[in-house]
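K.L.:
Below you will find the structure I want to go over with you.
The values are calculated or read from the model by the stated rules, or taken from the named source; none is laboratory data. Worth saying up front: this structure is predicted, and the values here are computed from it rather than measured. We place every Cβ from the backbone using ideal geometry, glycine too, and count neighbours over all the protein chains shown. Only protein heavy atoms, including side chains, enter the accessible area calculation; ligands, DNA and RNA are left aside. Shrake-Rupley method; radii C 1.70, N 1.55, O 1.52, S 1.80 Å.
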Amino acid sequence: LSNPCMSLPPTMLAPLLLGCSAIVTSAASKPNLLLLIPDEWRWDYAGFDPEEAELRLPNIQALAERGTRFTSAYTPSPWCAPARACLASVKFFDGSPQLLNGRSFPLTTPTWFQALREAGYHTITAGKDDLTQSFQGTGLNGARHAEELGFDDWFRMQDKYVTYRRQPWDQFGAGTWNLPCGLSESGKSNLYLCNDWCYGMFGRGHCCTKFAHEGFDCEGFDQVGSDQENYVDNYIGLQAQMLLDRAPTDKPWVMQLSFPGPHPPFVITEAMNASMAGRSFAPARDNQQSPTDQQRRIRARYAAEIENIDAVIGSLLANIESRGEAGNTLIVVTSDHGEQLGDQNVWGKKMPWEPSIRVPLVVCGPDVAANRTVTVPVSTLDVIGTFLERAGTNMTGQEAISLDSLLQDGPADPEAYLKNRPFVFSGLTYPGGLLEDGPVDFRVIIRHINGTHTMKVVCCPSGCPAGNSYVPTTAPHPQLMAFNVAGKPPLDVENLNWTSEALELARYLPGKYATACLPANYTPRPRPSWPLSSDVSLGPSAVAAASVAGPAVVASDAAAAEVEVGGEEQGRIVVTWQADGHADGQVFDSFADAQHRYDELSGRALAVRMYDKKLNVLHEYCTMGDTMDESEWAQLDDFARAQYQPVEAAGLPGTSYARFMKFTVGGCSVLGIIAWVLVDHVHRVAQGYKGVSESSDSEAPFVRVSHEVAGGSSSPRRYHRVVDARDLVCDSLEAEQTS
């Protein structure tokens with residue numbers, strides 16, 4: 001049997017209906033492991049969002065159809081060597097030993113390659129591993145540090161910025177020294193020297209014009225001419241196939257294949273350029289510095305590199321098929337980091353924005369569910385955790401976990417993953433100077449909230465990088481930012497930095513970053529124990545505030561987050577219930593999530609209600625009302641009138657007794673569901689807060705709180721959760737800070 005993850009021509013792959021998980025050579029055998037890493041590949045240039053970028057990637061798309069695709073995968077660090085060092089050491093950035101480009105990975109630090117070699121694997125690296133840097137490089141035979149890092153076989157090179165420096169200093173340079181030039185414009189004697197003339201060091205050759213830091217407009221072509229096999233990514237792909245062909249057959253193998261592209265400069269061949277004819281790519285977002293036609297031209301060349309790599313991947317998979325190893329090979333396609341492509345006025349990476357830190361991730365192979373899309377945020381570090389688990393080994397102190405709870409056949413179990421990985425981290429500290437760019441220092445934490453909200457919090461102790469016009473830098477002062485990064489671009493736009501959720505989430509950042517960006521007057525709550533529960537349901541005060549103060553967006557619970565949003569959208573949906581003497585409620589962002597919670601509680605709770613954004617009852621379930629006699633209804637009415645008095649005294653607009661009764665009694669006698677939670681809130685109101693009314697922006701997915709303090713007014717603060725907004729009001733009242 002053949003594995004549908006493998007392909008010859010993509011057209012031959014489409015009719016195969018077997019899932020990747022259907023073919024396993026032996027329950028006891030260890031799978032081969034293949035990690036494919038195109039360099040600097042951003043998440044929305046993977047062929048799955050044609051409205052964002054029209055890419056033709058049949059092999060990668062076929063892997064996704066036969067496997068599992070992750071839409072929110074994040075690198076531990078958005079720079080080449082630091083990202084790869086994180087993977088090699090199986091640590092997030094702050095635990096990784098290699099924090100800058102230009103420095104070699106310390107040989108005293110254990111690697112996952114060593115762990116798999118000790119577990120019986122034949123370990124292979126091909127391409128740019130970025131673990132042996134400095135001006136000595138990997139050597140003409142690639143052997144410098146190779147065995148010490150854990151490799152049994154290799155073909156190694158530097159990246160496209162530095163592989164050309166007049167004389168070869170890596171295996172790629174040595175291999176192309178004796179090849180002829182396909183184009184004659186340079187007048188040089190061999191392919192290495194011709195492309196040294198074209199690329200130059202750091203993109204300063206004759207094929208490109210540099211117009212910004214890591215911004216290159218490359219109108220010249222790679223000097224291979226028509227011999228596409230010797231284009232850098234194709235050449236590395238052929239070397240990978242040769243490494244596989246000489247691998248021993250009596251043990252499993254693991255290969256990390258790191259393509260040099262699509263890292264800048266985006267120098268392509270004439271044939272690759274012709275393949276882009278007739279296609280148009282959207283210009284950069286939030287870019288006021290580069291001409292639009294230049295942005296489109298550069299993006300087309302970037303796309304051409306990715307499409308070429310897809311074809312190389314197809315050839316490699318066909319080779320594995322021909323070796324008879326298709327049925328027992330786990331394949332992962334991802335990247336070390338992304339590429340800004342001009343977004344936020346930035347070219348390159350090293351930014352906390354989504355184009356830099358978010359990457360594609362596709363997994364296909366044995367025991368991987370077919371045609372599954374996972375939206376919860378994951379770390380690419382956990383690819384290595386998955387490899388280690390599949391190999392039956394682990395590493396002391398590893399910070400990676402397995403993705404298998406999200407990959408397994410049958411229903412995905414995001415709760416199992418989120419329980420052990422409630423947060424995903426990324427970060428970079430770079431003092432500046434290399435390549436004429438300035439210092440960068442930030443840490444990012446990302447947390448799944450629900451089906452429509454994923455919160456990303458960014459802390460920059462000296463101000464975040466300039467360029468994003470939506471959130472101007474505060475440099476040199478600390479800066480805290482928060483964004484909802486669920487959904488499609490544009491992202492990193494609306495800063496939610498002062499939500500209480502953002503402030504609390506920031507406290508889980510590593511080291512000094514846990515407090516560096518918090519306001520000076522911020523008093524944190526006790527930090528919950530690790531791991532933080534992913535249950536984000538709200539207590540009764542949230543329902544109270546929602547009932548009186550207007551709309552809000554609040555996180556749905558973990559179970560509801562699994563429901564695909566559908567059906568009629570009805571704005572903010574409130575679900576309340578009473579069970580075991582306790583009343584509680586939640587506010588949902590979609591009708592489908594609310595309906596799921598209502599259905600889940602019906603039959604278990606004594607009473608359940610669902611309200612639309614105007615607090616009209618949509619559904620109700622009750623086991624109490626039919627059993628109440630007239631005297632009990634009278635007692636309920638007396639109780640309701642007594643509780644209405646502080647509401648009346650507070651002078652809340654539009655709140656009549658009839659409206660109040662609608663919540664306290666309605667068609668189902670739920671004594672506490674709304675009535676008693678309102679009581680606590682309106683007593684606070686009666687003590688002095690007179691200005692509660694619905695926001696004029698009734699659809700805004702935030703609660704705004706503005707208040708006056710001694711000496712002047714404060715700026716309004718915005719909250720995702722009503723309960724957090726209410727906490728601020730109540731705390732201010734108690735401290736007598738609010739007039």
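K.L.:
Any chance segment 522-534 includes a residue that's buried (at least 19 other Cβ atoms within 10 Å of the Cβ), at pLDDT 85 or above and touching a helix residue (DSSP H, G or I) at 6+ places or on another chain (Cβ under 7 Å)? Don't jump to the end; show me each part of the working.
P.N.:
Quick first cut of segment 522-534, residues buried (at least 19 other Cβ atoms within 10 Å of the Cβ) only: 534.
With the extra rule that they be at pLDDT 85 or above, the set shrinks to none.
No, segment 522-534 has no match at all.
K.L.:
May I ask you to verify whether ARG246 is among the charged types (D, E, K, R), open to solvent by less than 20 Å² (accessible area, probe 1.4 Å) and modelled with pLDDT of 95 or more?
P.N.:
Values: among the charged types (D, E, K, R): yes; open to solvent by less than 20 Å² (accessible area, probe 1.4 Å): no; modelled with pLDDT of 95 or more: yes.
Here the answer is no, as ARG246 does not meet what is asked.
K.L.:
Ok, one more. Pull out all pairs, ordered by first then second residue, where Cβ-Cβ is under 6 Å, the residues are six or more apart or on different chains, the first lies in segment 63-76 and is within 9 Å of ASN371 (Cβ to Cβ), and the second is at pLDDT below 95 and surrounded by 24 or more Cβ atoms within 10 Å (Cβ to Cβ).
P.N.:
ARG66/PRO4; ARG66/CYS5; ARG66/CYS20; GLY67/CYS20
K.L.:
Right, something else. Test each condition in (1) under 17 Å from the mean Cα position of the chain (by Cα); (2) assigned to a loop (DSSP other than H, G, I, E, B) for VAL359 and report the one that comes out false.
P.N.:
Looking at each condition in turn, VAL359 falls short on (2).
K.L.:
Of the numbered conditions (1) free of Cβ contacts under 8 Å to residues at least 60 places away in the same chain; (2) farther than 26 Å from GLN256 by Cα; (3) open to solvent by less than 10 Å² (accessible area, probe 1.4 Å), THR386 satisfies every one except a single condition; which is it?
P.N.:
All conditions are met except number (2).
K.L.:
Here's a follow-up. Going through segment 268-282 one residue at a time, which ones are part of a loop (DSSP other than H, G, I, E, B), farther than 22 Å from SER356 by Cβ and not polar (S, T, N, Q)?
P.N.:
Residues satisfying the conditions are ILE268, MET276, ALA277, GLY278, ARG279.
K.L.:
Looking at ILE331, is it assigned to a helix (DSSP H, G or I), in contact with a helix residue (DSSP H, G or I) (Cβ under 8 Å, 6 or more places away or on another chain) and buried (at least 24 other Cβ atoms within 10 Å of the Cβ)? Give the derivation first.
P.N.:
Working: assigned to a helix (DSSP H, G or I): no; in contact with a helix residue (DSSP H, G or I) (Cβ under 8 Å, 6 or more places away or on another chain): yes; buried (at least 24 other Cβ atoms within 10 Å of the Cβ): yes.
No, not satisfied.
K.L.:
A further question on this structure: Among the residues of segment 145-160 satisfying the criterion of being in contact with a helix residue (DSSP H, G or I) (Cβ under 7 Å, 6 or more places away or on another chain) and open to solvent by less than 10 Å² (accessible area, probe 1.4 Å), which is farthest from PRO248 (Cα to Cα)? Give the steps one after another, and end with the answer.
P.N.:
Taking segment 145-160 first, the residues in contact with a helix residue (DSSP H, G or I) (Cβ under 7 Å, 6 or more places away or on another chain) are 149-157, 159-160.
In the following step, the residues that additionally are open to solvent by less than 10 Å² (accessible area, probe 1.4 Å) were identified as 149-151, 156-157, 160.
On the way: LEU149: 20, GLY150: 16, PHE151: 14, ARG156: 20, MET157: 23, LYS160: 31 Å.
Among them, the one singled out is LYS160.
K.L.:
Of the residues that make up segment 506-516, is at least one at pLDDT below 50, outside any helix (DSSP H, G or I), open to solvent by less than 50 Å² (accessible area, probe 1.4 Å) and out of contact with any Gly (no Cβ under 9 Å at 6 or more places or on another chain)?
P.N.:
To start, the set of residues in segment 506-516 that are at pLDDT below 50 comprises none.
No; the residues of segment 506-516 include none that is at pLDDT below 50, outside any helix (DSSP H, G or I), open to solvent by less than 50 Å² (accessible area, probe 1.4 Å) and out of contact with any Gly (no Cβ under 9 Å at 6 or more places or on another chain).
K.L.:
Further, regarding this structure: Kindly evaluate TRP177 against the criterion of being free of Cβ contacts under 8 Å to residues at least 24 places away in the same chain and touching a Phe, Trp or Tyr at 6+ places or on another chain (Cβ under 7 Å). Don't jump to the end; show me each part of the working.
P.N.:
Values: free of Cβ contacts under 8 Å to residues at least 24 places away in the same chain: yes; touching a Phe, Trp or Tyr at 6+ places or on another chain (Cβ under 7 Å): yes.
Yes, satisfied.
K.L.:
Cβ-Cβ distance below 8 Å, separation of 6 or more or different chains: which pairs start in segment 146-164 with a residue that is at positive phi and at pLDDT below 95 and end on one that is surrounded by 22 or more Cβ atoms within 10 Å (Cβ to Cβ) and of a type in the set (A, V, I, L, M)?
P.N.:
Pairs found: none.
K.L.:
Quick check on this structure: which one of GLY220, GLY203 is out of contact with any Pro (no Cβ under 8 Å at 6 or more places or on another chain) and surrounded by 18 or more Cβ atoms within 10 Å (Cβ to Cβ)?
P.N.:
Numbers: GLY203 fails: out of contact with any Pro (no Cβ under 8 Å at 6 or more places or on another chain).
Exactly one residue qualifies, and that residue is GLY220.
K.L.:
Would you confirm whether or not segment 377-384 contains a residue that is touching a strand residue (DSSP E or B) at 6+ places or on another chain (Cβ under 6 Å) and over 28 Å from ALA119 (Cβ atoms)? Working first, answer last.
P.N.:
First, the residues of segment 377-384 that are touching a strand residue (DSSP E or B) at 6+ places or on another chain (Cβ under 6 Å): 377-380, 383.
With the extra rule that they be over 28 Å from ALA119 (Cβ atoms), the set shrinks to 377.
Taking every residue of segment 377-384 in turn, at least one turns out to be touching a strand residue (DSSP E or B) at 6+ places or on another chain (Cβ under 6 Å) and over 28 Å from ALA119 (Cβ atoms).
K.L.:
Would you call GLU270 open to solvent by 20 Å² or more (accessible area, probe 1.4 Å) and touching a Leu at 6+ places or on another chain (Cβ under 8 Å)?
P.N.:
When the stated conditions are applied, GLU270 does not pass them.
K.L.:
Can you find a residue in segment 428-439 that is under 24 Å from ASN484 (Cβ atoms) and outside any loop (DSSP other than H, G, I, E, B)?
P.N.:
As a first pass, look at segment 428-439 and keep what is under 24 Å from ASN484 (Cβ atoms): 428.
Remaining after also requiring outside any loop (DSSP other than H, G, I, E, B): 428.
So far as segment 428-439 goes, yes, one or more of its residues are under 24 Å from ASN484 (Cβ atoms) and outside any loop (DSSP other than H, G, I, E, B).
K.L.:
Restricted to segment 185-218, and to residues that are acidic (Asp, Glu) and in contact with a helix residue (DSSP H, G or I) (Cβ under 8 Å, 6 or more places away or on another chain), which residue is farthest from MET272 (Cα to Cα)?
P.N.:
Our first condition is that a residue be acidic (Asp, Glu); within segment 185-218, this holds for 185, 196, 214, 217.
Subsequent filtering for residues that are in contact with a helix residue (DSSP H, G or I) (Cβ under 8 Å, 6 or more places away or on another chain) retains 214, 217.
Details: GLU214: 22, ASP217: 16 Å.
Once the filter is applied, the top-ranked residue is GLU214.
K.L.:
Also: How do the pairs read when you match residues in segment 393-416 that are more than 23 Å from PRO510 (Cα to Cα) with residues anywhere that are open to solvent by less than 40 Å² (accessible area, probe 1.4 Å) and aromatic (Phe, Trp, Tyr), using Cβ under 8 Å and keeping only pairs 6 or more apart or on different chains?
P.N.:
Between residues of segment 393-416 that are more than 23 Å from PRO510 (Cα to Cα) and residues that are open to solvent by less than 40 Å² (accessible area, probe 1.4 Å) and aromatic (Phe, Trp, Tyr), the close pairs are SER405/TYR417; LEU406/PHE70; LEU406/TYR417.
K.L.:
Does segment 218-225 include one or more residues that are in a helix (DSSP H, G or I), within 31 Å of the chain's Cα centre (by Cα) and either basic (Lys, Arg) or closer than 25 Å to LEU341 by Cβ (or both)?
P.N.:
Initially, segment 218-225 is screened for residues in a helix (DSSP H, G or I), giving none.
Looking for residues that are in a helix (DSSP H, G or I), within 31 Å of the chain's Cα centre (by Cα) and either basic (Lys, Arg) or closer than 25 Å to LEU341 by Cβ (or both), one finds none in segment 218-225, hence no.
K.L.:
What pairs come up if the first residue lies in segment 196-222 and is among the basic types (Lys, Arg), the second is assigned to a helix (DSSP H, G or I), and their beta carbons are under 9 Å apart, counting only those six or more places apart or on different chains?
P.N.:
Pairs that qualify, where the first residue is among the basic types (Lys, Arg) and the partner is assigned to a helix (DSSP H, G or I), are LYS210/PHE202; LYS210/GLY203.
K.L.:
For segment 389-396, indicate whether the set of residues that are open to solvent by 10 Å² or more (accessible area, probe 1.4 Å), in contact with a Phe, Trp or Tyr (Cβ under 8 Å, 6 or more places away or on another chain), not aromatic (Phe, Trp, Tyr) and not in a helix (DSSP H, G or I) is non-empty. Spell out how you get there, then give the answer.
P.N.:
Pass one, segment 389-396, residues open to solvent by 10 Å² or more (accessible area, probe 1.4 Å): 389-390, 392-396.
Within this subset, residues satisfying the condition of being in contact with a Phe, Trp or Tyr (Cβ under 8 Å, 6 or more places away or on another chain) are 395.
Those left that are additionally not aromatic (Phe, Trp, Tyr): 395.
Those left that are additionally not in a helix (DSSP H, G or I): 395.
Yes; the residues of segment 389-396 include at least one that is open to solvent by 10 Å² or more (accessible area, probe 1.4 Å), in contact with a Phe, Trp or Tyr (Cβ under 8 Å, 6 or more places away or on another chain), not aromatic (Phe, Trp, Tyr) and not in a helix (DSSP H, G or I).
K.L.:
May I ask you to list the residues in segment 45-78 that are surrounded by 24 or more Cβ atoms within 10 Å (Cβ to Cβ), under 16 Å from the mean Cα position of the chain (by Cα) and not polar (S, T, N, Q)?
P.N.:
TYR45, ALA46, PHE70, ALA73, TYR74, PRO76, PRO78, listed by residue number.
K.L.:
Is it true that some residue in segment 357-365 is out of contact with any helix residue (DSSP H, G or I) (no Cβ under 8 Å at 6 or more places or on another chain), open to solvent by less than 10 Å² (accessible area, probe 1.4 Å) and of a type in the set (Lys, Arg)?
P.N.:
Yes, segment 357-365 contains a residue that is out of contact with any helix residue (DSSP H, G or I) (no Cβ under 8 Å at 6 or more places or on another chain), open to solvent by less than 10 Å² (accessible area, probe 1.4 Å) and of a type in the set (Lys, Arg).
K.L.:
How many residues does segment 450-466 contain that are in contact with a Ser or Thr (Cβ under 6 Å, 6 or more places away or on another chain) and open to solvent by 20 Å² or more (accessible area, probe 1.4 Å)? Spell out the reasoning first.
P.N.:
So the first thing to find is which residues in segment 450-466 are in contact with a Ser or Thr (Cβ under 6 Å, 6 or more places away or on another chain), and the list is 450, 463-464, 466.
The next check asks that each one be open to solvent by 20 Å² or more (accessible area, probe 1.4 Å); those that pass are 466.
Within segment 450-466, residues that are in contact with a Ser or Thr (Cβ under 6 Å, 6 or more places away or on another chain) and open to solvent by 20 Å² or more (accessible area, probe 1.4 Å) number 1.
K.L.:
Take VAL457 and tell me if it is over 22 Å from THR373 (Cβ atoms), in a loop (DSSP other than H, G, I, E, B) and not aromatic (Phe, Trp, Tyr). Walk me through how you get there before you give the answer.
P.N.:
On the way: over 22 Å from THR373 (Cβ atoms): yes; in a loop (DSSP other than H, G, I, E, B): no; not aromatic (Phe, Trp, Tyr): yes.
So VAL457 fails the test.
K.L.:
Only helices (runs of 4 or more DSSP H) wholly contained in segment 52-127 count here; list those with 1 or more residues that are over 18 Å from PHE387 (Cα atoms) and among the charged types (D, E, K, R). Show your work before the answer.
P.N.:
Numbers: elements: 58-66, 80-89, 112-118.
Helices (runs of 4 or more DSSP H) meeting the threshold: 58-66.
K.L.:
From the list ALA318, ALA400, ALA416, which one is over 19 Å from ALA62 (Cβ atoms) and either part of a helix (DSSP H, G or I) or over 20 Å from the mean Cα position of the chain (by Cα) (or both)?
P.N.:
On the way: ALA318 fails: over 19 Å from ALA62 (Cβ atoms); ALA400 fails: either part of a helix (DSSP H, G or I) or over 20 Å from the mean Cα position of the chain (by Cα) (or both).
The conditions single out ALA416.
K.L.:
Among the numbered criteria (1) farther than 24 Å from ARG301 by Cβ; (2) more than 34 Å from the chain's Cα centre (by Cα), which one does ASP153 miss?
P.N.:
Answer for ASP153: the failing condition is (2).
K.L.:
Of all residues in segment 206-216, how many are of a type outside the set (A, V, I, L, M) and surrounded by fewer than 20 Cβ atoms within 10 Å (Cβ to Cβ)? It would help to see each step written out before you state the result.
P.N.:
First, pick out the residues of segment 206-216 that are of a type outside the set (A, V, I, L, M): 206-211, 213-216.
Filter once more, keeping what is surrounded by fewer than 20 Cβ atoms within 10 Å (Cβ to Cβ): 206, 209-211, 213.
Count: 5.
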